[in-house]
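J.: The structure follows.
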Amino acid sequence: MRRKTTAVVAGIAGLALAASACSGSDSASASATTGQGFPETITLAAIPAENSTDLKASYDPVIKLLEQETGSKVEFVQASDYAGVVEGIIAGNVDLAFFGPFAYVVAGINGAEMTPLGAVVKNEGAAPGYQSYGLAKSDNAGVNALTDFAGKKVCFVDPGSTSGFLYPSAGLIEAGVVKSGSEADISAAMSPIYAGGHDASALAIAAGDCDAGFAFDTMVDKTMIEKGELKPGELKTVWKSEMIAGSVFAANNDLGADNIAKLKTAFEEKLNAPSLEAAGFCSGDACRITDERAWGVVAASDSDYDGVRHVCDVTGSEKCQG
């Protein structure tokens, strides 16, 4: 699914957020607070990294922890694209959001006043971060590097995706395939297809609908193989990006500094698989949170995303403009 090119145009997703987040932090009902000092209802928004029909299930442990820590009812909103979440937090219709790194940076550029609560990590003790992969079918002898993407049908995820668009654009610039990260320049050099999800991009490559494309590492190396959607070795990785800062939970500053400090502590200390299971919120693999299947959350700061901002400068992407 391809979203409009204006960075803060929400489209259908934004309308859905605005309608369903009627009890967000700037609504009339937000004046009523819980015993812990939070709004009676908190809205948590996210988009799927894959074509999930039940994204909420991977957030259930997060929701249960939030309700325990805040005394609030947590309303979960599954947006259809990055623009919806960005617009939702800018408009004050979203209290908490789970952002990919690029969407987090874009939201800030466009005026969202928010504070990182923590970045997800794949495993205990790991550093938050991941890589974008450039991919092709293993038996495609014509694609072995980014330079081979020129003139081909190439799957991207979404124009607001960090590992599915922004970092690939920078890689294509460095490889001399495109002049800039604008959609127009990309379209002049190849035939881009916006798959809408990392799994959809990988599946389109495997099916031959795209000659090459992009998706993030864990989706291809682990998630889709475990689900039986890809066979080991079915795709080959012809390019890897530098490490990208991890996806991040962020709080709308309208919640107040004291409440945000409480949430940061709760996320860093309690939002991990062992703690969630010990609290009785989940068991086993169900304690892996978000559709990134993360072990948990570690401390994050706004400066952790300066690398993404640098790639914005390199690509000149219009998505990075306020």
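Values in this text are rule-based calculations from the coordinates and carry no lab data. Please read these numbers as outputs of a predicted model, since none were measured by experiment. All Cβ positions, glycine included, derive from the backbone under ideal geometry; neighbour counts span all protein chains shown.
J.: When M219, M243, M224, M190 are ordered from fewest to most other Cβ atoms inside 10 Å of their Cβ, what list results?
T.: Taking fewest neighbouring Cβ atoms as first place, the list is M243, M190, M224, M219.
J.: What is the order of Y59, Y104, fewest Cβ neighbours within 10 Å to most?
T.: In order of increasing Cβ crowding within 10 Å: Y59, Y104.
J.: I would also like to ask the following. Please report the base-10 log of the normalised intensity I(q)/I(0) for region 214-322, using a Debye sum with one equal scatterer per alpha carbon and no solvent, at each q in 0.10, 0.18 (1/Å).
T.: -0.45, -1.13
J.: Here's something else I'd like to know. Alpha carbon centre of region 152-195 versus region 286-322: separation in Å?
T.: 18
J.: Among A278, G316, V77, flag the residue with its Cα farthest along the positive direction of the charge dipole of the chain, charges on Cβ as +1 for Lys/Arg and -1 for Asp/Glu.
T.: G316
J.: Considering amide H positions built from the backbone, and no H for Pro or chain starts, which residues 5 or more places from T41, or on another chain, come under 5 Å of its amide H?
T.: K73
J.: Note down the magnitude of the dipole of the chain about its Cα centre, charges +1 on Lys and Arg C-beta and -1 on Asp and Glu C-beta and zero elsewhere, to the nearest 20 debye.
T.: 480
J.: Further, regarding this structure: Is it possible to state the helix-based mean residue ellipticity at 222 nm for the chain, with each DSSP H run of 4+ residues giving -39500 (n - 2.57), the sum divided by total residues, to the nearest 500 deg cm²/dmol? What is it?
T.: Mean residue ellipticity, 222 nm, calculated: -8500 deg cm²/dmol.
J.: Among K153/K222; K56/K264; K227/K262, which pairs are too far apart, with a Cα-Cα distance over 28 Å?
T.: K227/K262
J.: Something else: Take the Cα pairs of region 118-182, get the Kirkwood Rh, then feed it into Stokes-Einstein at 10 °C and 1.306 mPa s and tell me D in µm²/s.
T.: Translational diffusion coefficient: 118 µm²/s.
J.: Using the Cα centre as the reference, give the magnitude of the dipole from point charges on the C-beta atoms of region 132-240 (Lys, Arg: +1; Asp, Glu: -1; all else neutral), rounded to the nearest 20 debye.
T.: Here region 132-240 has a charge dipole of around 140 debye.
J.: Now for a separate question. Sorting check: for 211-218, 140-147, 108-115, 127-134, which peptide has the highest mean count of neighbouring beta carbons within 10 Å, and how do the rest follow?
T.: Highest-to-lowest ranking by the protection proxy: 211-218, 127-134, 108-115, 140-147.
J.: Would you be so kind as to identify which of T33, T290, F267 lies farthest towards the positive end of the dipole of the chain, taking Lys and Arg as +1 and Asp and Glu as -1 on Cβ and the Cα centre as origin?
T.: The residue sitting most towards the positive pole is T290.
J.: Can you give me the P(r) profile for region 132-240? Cα pairs, bins 5 angstrom wide beginning at 0, each as a whole percent.
T.: P(r) over region 132-240, rounded to whole percents: 2, 15, 27, 28, 17, 7, 3, 0.
J.: Related question: Give the calculated FRET efficiency between D258 and E318 to the nearest 0.05, with a Förster radius of 56 Å applied to their Cβ-Cβ distance.
T.: Between D258 and E318 the formula returns 0.90.
J.: Let me ask something additional. Report, please, the projected area of the chain averaged over directions, based on the convex hull of its C-alpha atoms, in nm².
T.: That works out to 14.9 nm², a quarter of the Cα hull's surface.
J.: Answer with one residue from A188, G213, W239: the one whose Cα lies farthest towards the positive end of the charge dipole of region 132-240, charges on Cβ with Lys, Arg +1 and Asp, Glu -1.
T.: With unit charges placed on the Cβ atoms, the residue in question is W239.
J.: Further question on the same structure: By how many degrees, 0 to 90 and rounded to 10, does the Cα axis of helix 257-270 deviate from the longest principal axis of the chain?
T.: 70
J.: Determine by what factor the alpha-carbon radius of gyration of region 48-145 differs from 2.2 N^0.38 Å, reporting the quotient.
T.: 1.35
J.: Rounding to the nearest 10 and keeping the result within 0 to 90°, find how far the Cα-based axis of helix 82-91 lies from the longest principal axis of the chain.
T.: Approximately 30 degrees, to the nearest 10.
J.: Most exposed first by the Cβ proxy, i.e. fewest other Cβ within 10 Å, how do T315, T223 rank?
T.: T223, T315
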